[in-house]
Structure formats: structure tokens, C-alpha cells
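Asks: Take this structure, written in C-alpha cells, and hold onto it; I'll ask about it next.
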Amino acid sequence: MRKIAVSVTALLAVFVVACVTINVYFPEAAAVEAADRIIDKVRGEDAGDTSSSLRPGNNHETPVLLAVAGSISRFLISDANAQANVDFDKPSPEKQALENSLARRFPSLRPYFDSGAIGLTDSGLLEFRDRNLVPLKDRNNVVQLVSAQNNDWNALYAEIARINNHPEWQDSIRRTFAERWIAKADSGWYYRQNGAWKQK
């Protein structure tokens with residue numbers, strides 16, 4: 001009997017820890033969908049649809065464990081409803097202006113992605129890979145374009161986190177955008193990961 005009491009107490013402790021952990025969970029799937037839409041908008045392309053599904057499992061535990069599992073299920077449903085309120089596509093005047101600014105500037109940057117002069121980074125920004133691939137007469141202009149684009153990306157990551165009332169998600173949002181940019185990069189484009197340039 002004592003063993004059962006200890007087991008239930010331990011399980012409840014795990015449940016409490018799980019509650020705390022779930023409450024601060026970063027909704028990766030929602031971030032990926034928003035990143036894909038915004039990146040496609042910046043590139044001048046239509047965003048593709050994404051979907052996900054959950055597969056329920058079977059449980060053949062004791063009544064006590066089933067009761068605890070039921071409590072966890074109810075908590076997860078409640079947390080899922082809270083997560084549903086997160087909207088990385090939530091509009092704001094600043095967010096809309098930043099997306100439009102990024103999209104207007106991108107066609108001028110595309111030739112330098114294609115040539116390998118600039119590339120994507122794992123921090124969700126652009127960086128020069130080889131300035132010598134940019135004609136001297138155009139170099140100052142490209143430097144300004146890259147700087148302006150990076151400023152807008154930094155501001156956009158912060159704004160998405162702000163309008164969702166989770167400023168602590170900014171780094172996760174940045175990382176998600178970086179991963180999706182690399183995934184969507186054209187063949188031949190360069191990206192930098194762990195300090196090394198790679199060609200897609």
C-alpha cells in the first residue's frame with residue numbers, strides 16, 4: 001500500500017512539472033506556418049498549406065493511473081486551447097509595414113543570392129559571403145540593402161513576439177525563420193551554419 005502511495009505521489013509530482021513545462025511551450029508548428037507564409041510573401045510566392053495530426057494512444061493502466069491520466073488530458077486540452085490563442089499571423093501596422101518593406105527590397109537582393117555574393121545565416125539574417133562578386137560600383141548599394149533587410153528582419157522577429165505577449169519567444173521565432181529560409185533557399189544559394197558556408 002505504501003508503495004502505491006509513493007508511486008501516485010511521484011506521478012502527481014511529474015504531472016505538476018509537466019504543467020509548468022507545457023505552459024511555457026513554444027508553438028513550433030504555428031511558427032513554421034507563419035514563417036513559411038511571410039518568407040513566401042517576401043520572395044513573391046504563394047505560401048503552401050501545412051497540416052499536422054495527433055494520434056491517440058491506448059492506455060491499460062490501473063484506475064488510479066487512469067484518473068491521473070484523465071487529469072493530464074484535461075490539462076493538455078486546456079493548454080491546447082490557450083495555445084490556439086497564439087497567432088503569429090496576428091496583424092499590427094508595424095508588422096505589415098515590415099513585411100511589405102522586406103518584400104519590396106528582396107528583388108534587388110535576389111541576384112546577389114544567385115551569384116553567391118550573399119547568403120543566409122542560422123540567425124535568420126543575411127550576410128556577405130564574397131564581396132568581390134559584387135561590382136565595385138554596386139557594392140555600397142548592396143551593403144545598404146543587406147543592412148536594411150537585416151534591420152527589418154530583427155524588428156519583425158521582435159514584433160511577432162511582442163504582439164503575442166511572449167517577448168521571450170523572440171530567439172525561437174528567429175531560429176524558426178532561419179531554418180525555414182534555408183529549407184526554401186533556391187538551389188545554388190549559400191547558407192552559413194556553425195560558422196561554415198554551405199551551398200544548397
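Asks: Could you identify the single residue in Ala155, Ala185 that is of a type in the set (Gly, Ala, Ser) and touching a strand residue (DSSP E or B) at 6+ places or on another chain (Cβ under 8 Å)? First the steps, then the outcome.
Replies: Values: Ala155 fails: touching a strand residue (DSSP E or B) at 6+ places or on another chain (Cβ under 8 Å).
Answer to the check: Ala185.
Asks: List the residue pairs whose Cβ atoms are under 8 Å apart, where the first residue sits in the stretch 121-149 and is closer than 19 Å to Glu99 by Cβ and at pLDDT 95 or above, the second is open to solvent by 70 Å² or more (accessible area, probe 1.4 Å) and not polar (S, T, N, Q), and the two are 6 or more positions apart or on different chains.
Replies: Correct list of pairs: Gly124/Arg175.
Asks: Here's something else I'd like to know. Quick test of your reading of the structure: Ala158 fulfils all but one of (1) open to solvent by less than 10 Å² (accessible area, probe 1.4 Å); (2) under 17 Å from Phe26 (Cα atoms); (3) aliphatic (A, V, I, L, M). Name the failing condition by number.
Replies: (1)
Asks: Please indicate, with yes or no, whether at least one residue in the stretch 180-188 is under 30 Å from Asp87 (Cβ atoms) and part of a strand (DSSP E or B).
Replies: Step one: filter the stretch 180-188 for residues under 30 Å from Asp87 (Cβ atoms), giving 180-186.
Of the ones still in play, those that are also part of a strand (DSSP E or B) are none.
Looking through the stretch 180-188, none of the residues is under 30 Å from Asp87 (Cβ atoms) and part of a strand (DSSP E or B).
Asks: In the stretch 171-199, what count of residues is obtained for those that are modelled with pLDDT of 95 or more and open to solvent by 60 Å² or more (accessible area, probe 1.4 Å)?
Replies: Within the stretch 171-199, residues that are modelled with pLDDT of 95 or more and open to solvent by 60 Å² or more (accessible area, probe 1.4 Å) number 8.
Asks: Please find, among Arg174, Arg192, the residue that is within 19 Å of Tyr25 (Cβ to Cβ) and touching a residue at least 24 places away in the same chain (Cβ under 8 Å). Write out each step before concluding.
Replies: Details: Arg192 fails: within 19 Å of Tyr25 (Cβ to Cβ).
None of the others qualify; the one that does is Arg174.
Asks: Continuing with the same structure: Output the residues belonging to the stretch 88-122 that are under 21 Å from Arg162 (Cα atoms), open to solvent by less than 40 Å² (accessible area, probe 1.4 Å) and assigned to a loop (DSSP other than H, G, I, E, B). Talk me through it step by step, then tell me what you get.
Replies: Taking the stretch 88-122 first, the residues under 21 Å from Arg162 (Cα atoms) are 88-102.
Narrowing the set further to residues that are open to solvent by less than 40 Å² (accessible area, probe 1.4 Å) leaves 88, 92, 95, 98-99, 101-102.
Phe88, Ser92, listed by residue number.
Asks: Evaluate the stretch 147-154: report whether one residue or more is assigned to a strand (DSSP E or B), open to solvent by less than 50 Å² (accessible area, probe 1.4 Å) and not small (Gly, Ala, Ser). Explain how you work it out, then say what you get.
Replies: Step one: filter the stretch 147-154 for residues assigned to a strand (DSSP E or B), giving none.
No, the stretch 147-154 contains no residue that is assigned to a strand (DSSP E or B), open to solvent by less than 50 Å² (accessible area, probe 1.4 Å) and not small (Gly, Ala, Ser).
Asks: For the stretch 60-119, which positions are within 19 Å of the chain's Cα centre (by Cα), among the hydrophobic types (A, V, I, L, M, F, W, C) and at pLDDT 90 or above?
Replies: Within the stretch 60-119, Leu98, Leu102, Ala103 meet the criteria.
The values are calculated or read from the model by the stated rules, or taken from the named source; none is laboratory data. If you're wondering where the values come from, they're calculated on a predicted model, not measured in any experiment. Cβ atoms come from the backbone with ideal geometry, glycine included; neighbour counts cover every protein chain shown. Just the protein is used for accessible areas: all its heavy atoms, side chains included, with ligands, DNA and RNA removed. Shrake-Rupley method; radii C 1.70, N 1.55, O 1.52, S 1.80 Å.
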